[in-house]
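Quick notes on the structure that follows.
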Amino acid sequence: MEEKRYSPEENGADHVSEPMAPASTYGMSQELRDSGVLAKVHNLSHDDKLCLIRYIQEVDAQTQEKEVANCSLGFYSENAEELNKRISEIEISMNDLEANGERAGEWFSSAEVWENIEERHPWLR
């Protein structure tokens with residue numbers, strides 16, 4: 001383990017900080033580790049850290065909502081033309097199955113059904 005370091009410029013006049021353990025920074029980009037952000041977060045109070053966590057979670061949730069809203073995959077779409085196109089594709093597939101009598105009268109496991117659906121309609125994944 002690295003020894004403690006004293007850096008008044010980074011940490012304030014009386015602060016001694018320990019470098020972050022490799023396990024605690026696992027998965028972080030080198031850019032984040034080198035940015036100095038971790039040292040600043042390390043020096044925050046417990047309450048400020050909790051507020052920062054809530055803030056990051058809120059920003060992440062908003063980002064995910066925007067990604068979902070802008071996503072062209074999936075069944076539902078606010079674009080009526082796209083939604084109608086997807087419904088038509090499903091209806092055509094169902095009509096083809098009925099016309100071809102594909103495994104008519106046979107039982108399917110739910111795994112078989114979902115595998116078949118996802119194979120024919122990859123946007124449902």
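Each part gets one Cα centre, and for segment 24-39 versus segment 107-125 those centres are 42 Å apart. Label-to-label distance for Ser109 and Ile87 is 3.4 nm, based on points extended 7 Å past Cα in the beta-carbon direction.
Residue separation times 0.36 nm, minus the C-alpha to C-alpha distance between Tyr26 and Asn79: what's the value? Don't jump to the answer; show the numbers that get you there.
Details: separation 53, 0.36 × 53 = 19.08 nm, distance 4.14 nm.
The span from Tyr26 to Asn79 would gain 14.9 nm if fully extended.
Is the shape of segment 20-66 rounded, prolate or oblate, going by the alpha carbon gyration tensor and its root eigenvalues a ≥ b ≥ c, with a/c under 1.5 for rounded and a/b larger than b/c for prolate?
On the way: a/c = 2.36, a/b = 1.32, b/c = 1.78.
Oblate, because a/c is 1.5 or more while a/b does not exceed b/c.
Quick note: the coordinates plus some simple rules give every number you see, no bench work behind them. Since we're looking at a predicted model, the values are computed, not measured. Neighbour counts are summed over all protein chains in view; Cβ atoms, including those assigned to glycine, are modelled from backbone coordinates with ideal geometry.
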